[in-house]
1. Condition (residue is under 26 Å from residue A:264 (Cβ atoms) and loosely packed, with under 13 Cβ neighbours inside 10 Å) applied to the stretch A:61-68: is it met by at least one residue?
2. Scan the stretch A:1-28 and report the pairs whose first residue is at pLDDT below 85 and whose second residue is part of a helix (DSSP H, G or I) and not hydrophobic (A, V, I, L, M, F, W, C), with Cβ atoms within less than 8 Å and a gap of 6+ or a chain change.
3. In the stretch A:200-257, what residues are of a type in the set (Val, Ile, Thr), within 18 Å of residue A:66 (Cα to Cα) and free of Cβ contacts under 8 Å to residues at least 60 places away in the same chain?
4. Between B:51, B:21, B:3, which is assigned to a helix (DSSP H, G or I), surrounded by 14 or more Cβ atoms within 10 Å (Cβ to Cβ) and at pLDDT 90 or above?
5. Go through the stretch B:88-106 residue by residue and tally those that are within 10 Å of chain A (Cβ to nearest Cβ) and either of a type in the set (Val, Ile, Thr) or under 11 Å from residue A:137 (Cα atoms) (or both).
6. Among the residues that make up the stretch B:70-84, is at least one of them more than 30 Å from residue A:138 (Cα to Cα) and either small (Gly, Ala, Ser) or within 14 Å of chain A (Cβ to nearest Cβ) (or both)?
7. On the basis of being away from chain A (no Cβ under 14 Å), closer than 23 Å to residue A:141 by Cβ and not aromatic (Phe, Trp, Tyr), does residue B:56 make the cut?
8. Which condition number in (1) more than 13 Å from chain A (Cβ to nearest Cβ); (2) under 28 Å from residue B:101 (Cβ atoms); (3) in contact (Cβ under 8 Å) with a residue 12 or more places away in the chain is the one that residue B:24 fails?
Amino acid sequence: MKAIGLIIVVLVGALLLYSTEDFPSWGDPASPASVHVAAHHLKKAIPETSVPNVVTAVLADYRGYDTMFETSVIFCAGLGCFVLLRLFKKRDDDSYYRHVATGITLHIKKDKIPDASSEFERIDTLWTPYDLIVKNVCRILAPFVQLFALYVIAHGHHSPGGGFQGGVILGASVILIAISHDMRTALGRISEKTVHILMAVGVLIYSGIGALCILMGRNFLDYAALSRILFTDKIEARSLGIFGVEVGVGITVMAVMISIYNNLSSEGRQDEGL
Amino acid sequence: MDVIVILLLICGLVFFTGGAVGILRFPDFYTRLHPAGKMDTLGSFLMVLAVALYNIHDFSWAALLTSLKILLIVLFIFILNPTATHAIVDAGFRAGMRPWTKEDRGK
């Protein structure tokens, strides 16, 4: 069986190597890729969409259909992690509590778990450091990280950035809270239910903007159709449409990042974990 | 102005070099983190200050805004670099790294 696999791999590899001869050489100005489409995008991106960053214009407008399914792929990755990893079974081990005033760690048997009170706080079984400096610095820093993420999403028109990058930074800010405090704190800020609703909402925003373009009488994801509801000209409407789908992408990416992290680090239980 | 920028850059370079030499030459984990945390913080402060000064060479309000944004980087490095060093030292201590003492000399 292994021999057959090896033969197939070698054959396909040889075919690929053989066919690379037919590619145009690197940086060839006469290659099909640089003659038709790229030149059009470089020349027409600003007059047609008023987006100075050509990458964003191509990503969210000229090939917006492709990017929509990229977002769906990320959504599916999040769903896949959820389906494969999530366990709806509570950890029935003993648990640990910390007496807040003295810092003493208490080991409590599973059937004698105390009621919620402000004197004791639950701590993780595996990893129990109490680090005031790291906790507070991360708590202070998280809003700035989120502000920067929103800047990256909104500034994708003018500089490198956009929905994917900004969404990852937004997700990282919540993961930072989860790492520096514990997972229960992070889940208190943004619960599992919210995360999964946001995952779907992002894709819905993207495809909803596309569907709205059909309703306004043009092609799917042809943002020029939105000029009548946005009260702008068609060029400005395309710019705003790009911004709308970037927000959708950002929301999905953020939620998927948080969901995958929570599921992986807590072995699917979403109660505790690094 | 250029003189100040060059002086700041050279000072920053001295601190960065000191940090690099310290990381290579200090005997153990904890003492190596000492130059890594401190020298990088001050070195990057001087470097970024030089960049911010150079940026307002041709003065305009937009350039001043960019310089302020550059200085914001320093603020975050000032908060974060010591915190990161603290977290690494803490992790090393929990993992059971023994600090270097005089008895270890020559090993």
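1. no
2. Listed by first residue and then by second, the contacts come to A:24/A:32; A:28/A:34.
3. A:205, A:209, A:214
4. Going through B:51, B:21, B:3 in turn, just one is assigned to a helix (DSSP H, G or I), surrounded by 14 or more Cβ atoms within 10 Å (Cβ to Cβ) and at pLDDT 90 or above: B:51.
5. Of the residues in the stretch B:88-106, 0 are within 10 Å of chain A (Cβ to nearest Cβ) and either of a type in the set (Val, Ile, Thr) or under 11 Å from residue A:137 (Cα atoms) (or both).
6. no
7. Values: away from chain A (no Cβ under 14 Å): yes; closer than 23 Å to residue A:141 by Cβ: no; not aromatic (Phe, Trp, Tyr): yes.
Here the answer is no, as residue B:56 does not meet what is asked.
8. Condition (3) is where residue B:24 drops out.
The values are calculated or read from the model by the stated rules, or taken from the named source; none is laboratory data. None of the values given here were measured: they were computed from a predicted structure. All Cβ positions, even for glycine, are placed from backbone atoms using ideal geometry, and neighbour counts span all protein chains on display.
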